[in-house]
Each structure stands twice: as structure tokens, then as C-alpha cells.
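Report on the following structure.
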2 protein chains.
Amino acid sequence: MERVTVEKKILNENDRIAASLRDRFHEQGTLVVNCISSPGSGKTLLLERTLERLPQSMRAAVLTGDIQTDNDARRLARYGFPVQQITTAGACHLDARMIEKALANWPSPELDLLIIENVGNLVCPTSYDLGEECKIVILSVTEGEDKPLKYPGAFHRSRLMVLNKIDLLPYVPFDVAQARANAAAINPAIEIIETSALSGAGIDAWMHWLLARVRARA
Amino acid sequence: MERVTVEKKILNENDRIAASLRDRFHEQGTLVVNCISSPGSGKTLLLERTLERLPQSMRAAVLTGDIQTDNDARRLARYGFPVQQITTAGACHLDARMIEKALANWPSPELDLLIIENVGNLVCPTSYDLGEECKIVILSVTEGEDKPLKYPGAFHRSRLMVLNKIDLLPYVPFDVAQARANAAAINPAIEIIETSALSGAGIDAWMHWLLARVRARA
């Protein structure tokens, strides 16, 4: 009982901060996406492909969450956009206060696009609103088509599923149609884009999806 | 502060139950392994390969944790050993009380080998002692060789790393030597076995490792 009560208080407090972040992002016309996936789904490489294709005139930035190491931040910083690492020191997810704090440190607060790369974890990040416009779940084909059913929270709460690593489809037992059906069973409104961040397949469709939403916000 | 205090209380309570489970497993000569990995690392297929090779005379059983669905339990139940699903209903890890409760429901409590398949999550399950002899972390080569550094808890606390899906090495950018070095940097004593549950490569070495430990317990 006590645990549940404390969890509720934490989530209420998180929701309050997230709501204030969301107001701020709305006022400033910033599109914020919160990217959630298992470790090793290819999130960081997908974001590298994204940053290298963004117009340099765009005011974009990345917040990347990791339990340890700043590997991802260093990889992402090569593309000319500001990148800030949030090291969670053991915590299994980002929360709204971490985002608020990271933004307070930022020299240029007015952005067109803020990409949040959550901690690699298909479970816990799902429960924490970060003030984002939408969550995006990245599933790689090596993980199995059953994952939307086994981890429904992430798929239920995401507007888009990026089905990544499709270059590996010839080598893994993965049924794309079944994966799509499983995602739709959990979330009938979910959009799905198939990509390979490695080969570049589908990256055009993903960029089109993302940039249309940035423009809608401006 | 409040949150940390409650978490400590929960972990203390968990450790108390885990210690009593460990005593029981010792008395009964049961080897218990706690398998931890990301979603989609191939844990369940590795366990299928394991169960199909276990001597039918062995008193073995599996507890498998999932947030939703009993897919894994159904897959594992085909091999003639008792399998029990623990559906965590949202919780991101198994805890010792769940194990205690599952064992209380079991008709045949005396086992040679109990395999626990934790919830697919490389972060949270690491903190919960389940009374096991050892943790085993499964990393698939599709996840990237940096994972021991990014998720050090799981690798620090595991006796063995199973490096799975090596059949995919020709198709993914994965540096096996670097992965081994990263795991050793976090845990110099960690043992490493390379496997492909799909092709069967390395399964002999894994079975040898496991069965030697079962025999040592008997």
C-alpha cells in the first residue's frame, strides 16, 4: 500500500512538471518527441541519421538519457546540433524534472524540435510524461513480433512505431504482418514506419513524418 | 528522501525473503539461475534449447516473468518440464515474494534445477535478489557491444554472460572482442559463452556450464 501511494505521489508530481513543460513547448512552438525502446534497438543510429538530414537552419536539439556513459551523446554531438546527456545514475527512466533541469542549463531555450532519447527500457519510461507531443516506440526486427503484446504500455501510449533493422529481415524469424497486427491490437491508431538506420531504408518516410509535425507546430 | 527510504525498505524486505529462499534451495540441492536481458535477446529460445537437452530424469522447472501474456510459458511448456508463468501486471521485474508465492503453488517443490526467466529489462531486475545461485545476463549481438558499459549493473552482478545470436554477426556491426573487453571492464570475473539459440552454435558449451553447476549442487 505504502509503495503504491508513494508511486502515485511521484507520478502526480511528475505530471505537474510535465504539464508545465508542455505549456512552455506549446508557447514556443517546439515539437517534442520522446523516443522509447529496448536497449540496442538502434535508437541512437536512427537519431544520427535524423540529425544528419535535418536542415541546418532548424533549431533542433537532443536530450539523451543513459544510466551510465556519455557514448550516445558523443555520437550525436557530431551533427552540429546541441546535445545534452542526462545520466540517470541507476534510474531506469527519464522523468519530467530531469528534462526541466536539463533545459534550464541550455543557452538557447527556443527550439523547433527537441528529440528526447529515453533510457533503453521498454517498461519504465512508459509511465513518465515528459511534456512531449508524442511518444515514439522503436522496435527492431531482431526483438520478435510478439513485443507489442508483451510490453503493451509502450505501444499503447505511442503515436508511431518505428520498425527498425529491416535490413536483417532475411536473417531473423520475424513476421512483419504479425508485428503490425500485434501493434494495432494494442493501439489501433498507431502509425508504423519501417526503417533500417544502417542501410537508410525508410529514413525518407521517417523524416517526412517528423518534419511534417515540426512544421505543424511552427 | 521519502522515495529512497521506501525503496530501501522494499529492498530490505526483498533481501529477507531472498535469503530464506536461498537457504531452502541450498537444503534441497537446487541450482537456481536468474536470467536477465533486454526484451528480444533470445532468452526464451535459449531456454527452449536448454529444456530440450536436459536429461528427462532431471527435476527441472522454469519460472518465467512477463508483464503481459503467457506466450513464453506456452513455448516453454512443450518440453515436459513444469513451467509457471508469473505475470507481473506492469511491474518491470520479478521480486523474491513473487518467487516464494509461485513455489508455494507447486506440486513438486524438490528440484535439481530452477531456471528463472526474468522480465525483459536490462535495468530493474538487476536490483532484486531472488535467492538465486547466480545471475546470468544474455546479450544479443544485435544490441551493440557497448551495452555492458551502458547497463553495468546487470553485467557487474552476473556470473555468466551469454552472447547470443552470433549467427547474425556477419550482418551487424558488432565487435565481439570489444564486447568481451567491455564486460570484463565491468566484471573481471565474468565468464562468457557465445551462442546462437537459432543455429545451435555454442549450446553444447552452455549446457556443459549449466549441468556442471547442477551436479555440483546435487
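Structure above, values below:
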quantity: Failed item in (1) closer than 22 Å to B:LEU31 by Cβ; (2) touching a helix residue (DSSP H, G or I) at 6+ places or on another chain (Cβ under 7 Å); (3) among the hydrophobic types (A, V, I, L, M, F, W, C); (4) not in a loop (DSSP other than H, G, I, E, B), with B:ALA183 passing the rest; calculated: (1)
quantity: Cβ pairs under 7 Å, 6+ apart, first in the stretch A:195-216 and surrounded by fewer than 15 Cβ atoms within 10 Å (Cβ to Cβ), second of a type outside the set (S, T, N, Q) and not in a helix (DSSP H, G or I); calculated: A:ALA205/A:ILE193
quantity: The stretch B:117-155: number of residues that are touching a helix residue (DSSP H, G or I) at 6+ places or on another chain (Cβ under 7 Å), of a type in the set (A, V, I, L, M) and touching a residue at least 60 places away in the same chain (Cβ under 8 Å); calculated: 6
quantity: Given (1) within 10 Å of another protein chain (Cβ to nearest Cβ); (2) among the charged types (D, E, K, R); (3) surrounded by fewer than 20 Cβ atoms within 10 Å (Cβ to Cβ), number of the condition B:ASP23 does not satisfy; calculated: (1)
quantity: Some residue of the stretch A:62-71 being among the charged types (D, E, K, R) and within 14 Å of chain B (Cβ to nearest Cβ); calculated: yes
quantity: Number of positions in the stretch B:156-167 that are in contact with a helix residue (DSSP H, G or I) (Cβ under 8 Å, 6 or more places away or on another chain) and crowded, with 21+ Cβ neighbours inside 10 Å; calculated: 5
quantity: Counted residues, the stretch B:1-55 - those being more than 21 Å from the chain's Cα centre (by Cα) and not aliphatic (A, V, I, L, M); calculated: 9
quantity: Tally of residues being of a type outside the set (Val, Ile, Thr) and within 14 Å of chain A (Cβ to nearest Cβ) across the stretch B:1-20; calculated: 10
quantity: Scan of the stretch B:100-147 for residues that are among the small types (Gly, Ala, Ser), crowded, with 24+ Cβ neighbours inside 10 Å and closer than 24 Å to B:LEU211 by Cβ, ordered by number; calculated: B:GLY131, B:SER140
quantity: Those helices (runs of 4 or more DSSP H) lying entirely in the stretch B:72-178 with at least 2 residues away from every other protein chain (no Cβ under 14 Å); calculated: B:96-104
quantity: Filter result (in a loop (DSSP other than H, G, I, E, B) and touching a residue at least 12 places away in the same chain (Cβ under 8 Å)) within the stretch A:56-68; calculated: A:GLN56, A:MET58, A:ARG59, A:ILE67, A:GLN68
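Table: residues versus (1) surrounded by 15 or more Cβ atoms within 10 Å (Cβ to Cβ); (2) hydrophobic (A, V, I, L, M, F, W, C); (3) touching a Cys at 6+ places or on another chain (Cβ under 6 Å).
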position: B:LEU31; (1), (2), (3): yes, yes, no
position: B:THR44; (1), (2), (3): yes, no, no
position: B:PRO55; (1), (2), (3): no, no, no
position: B:LEU63; (1), (2), (3): yes, yes, no
position: B:ARG74; (1), (2), (3): no, no, no
position: B:TYR79; (1), (2), (3): yes, no, no
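Where a number appears in this text, it was derived from the coordinates with a stated rule and is not lab data. This is a predicted model, so every value here is computed, not measured. Every residue, glycine as well, gets a Cβ built from its backbone with ideal geometry; the counts of neighbours run over all protein chains shown.
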